[in-house]
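Heads up, the thing below is written out as structure tokens.
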Amino acid sequence: MTKIKEINSKEVCDILNSIMEYELAGVVRYTHSSMMVSGPYRLPIVSFLKEQAAESLMHAQLAGEKIAGLDGHPSQKIAKIKETNRHSIKDILEESLEHELHALSLYKKLLKSVENKSIYLEEYARAQIGEEEQHSLELKIMLKDFS
């Protein structure tokens with residue numbers, strides 16, 4: 001008989017708090033970036049960045065709900081945001097891609113921690129990984145014009 005593996009709630013909550021803090025930083029990053037866009041493509045890019053900010057907030061809330069469900073304590077911190085003072089559309093998109101790739105790595109870390117231990121958390125992590133991969137691909141396509 002196979003022994004059922006248990007999740008390490010503290011480890012999972014720590015990862016989820018990192019995700020929540022990073023996603024909250026994404027709200028600030030994308031909101032700030034949306035204010036800095038100028039040029040002929042401003043409107044669609046501002047709209048895209050505002051959508052990303054709203055989605056980051058939703059992702060932070062989802063992570064916080066998971067923490068609460070595991071009897072953890074959702075953090076009130078926000079991950080450090082690096083200000084480069086570079087605000088060309090290319091720079092904003094590159095920084096956005098870097099942000100999405102880091103978020104992707106956090107969700108993959110979560111998946112590794114819950115895999116074969118919690119179907120619910122595993123499916124949550126996989127869904128978030130899919131979204132972050134999709135955003136990364138969108139940003140890479142948007143950056144093609146700058147190559």
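Nothing in this text is a laboratory measurement; each read-out follows from the coordinates by a stated rule. Computed from a predicted structure; not experimentally measured. With ideal geometry, Cβ positions are generated from the backbone for all residues, glycine too; neighbour counts draw on all protein chains shown.
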### Summary
Of all lysine pairs in region 68-117 that are eight or more residues apart or on different chains, those with Cα atoms under 30 Å apart total 17
### Message
Order these by the 10 Å Cβ neighbour count, fewest first: Ile7, Ile19, Ile119.
### Response
Ile119, Ile7, Ile19
## Note on the structure
Distance in Å, no decimals, from the C-alpha centre of region 124-147 to the one of region 90-113 is 9
### Reach of Lys10 by Cα under 17 Å, taken over aspartates and glutamates that are not fewer than 8 positions away in the same chain
Glu21, Glu65, Asp71, Glu115, Glu122
#### Entry: Tensor-based shape of the chain (alpha-carbon gyration tensor, a/c under 1.5 rounded, otherwise prolate or oblate)
prolate
### Message
From the phi angles alone, apply the Karplus equation (6.51, -1.76, 1.60; θ = phi - 60°) to region 12-18 and give each ³J(HN,Hα) in whole Hz, x where the residue is Gly or Pro.
### Response
5, 5, 4, 5, 4, 5, 4
### Task
Kindly write out, for region 59-72 in residue order, the coupling ³J(HN,Hα) from the Karplus curve 6.51 cos²θ - 1.76 cosθ + 1.60 (θ = phi - 60°), rounded to whole Hz, with x marking Gly and Pro.
5, 5, 5, 4, 4, x, 5, 5, 4, 4, x, 9, 6, x
### Message
For the pair His32/Leu137, report the inter-label distance in nm, with labels modelled 7 Å from Cα in the Cβ direction.
### Response
3.0
### Query
Which is the longest part of the chain that has none of the GluC sites (Glu not before Pro) sitting in a DSSP loop with at most 10 other Cβ atoms within 10 Å?
7-82
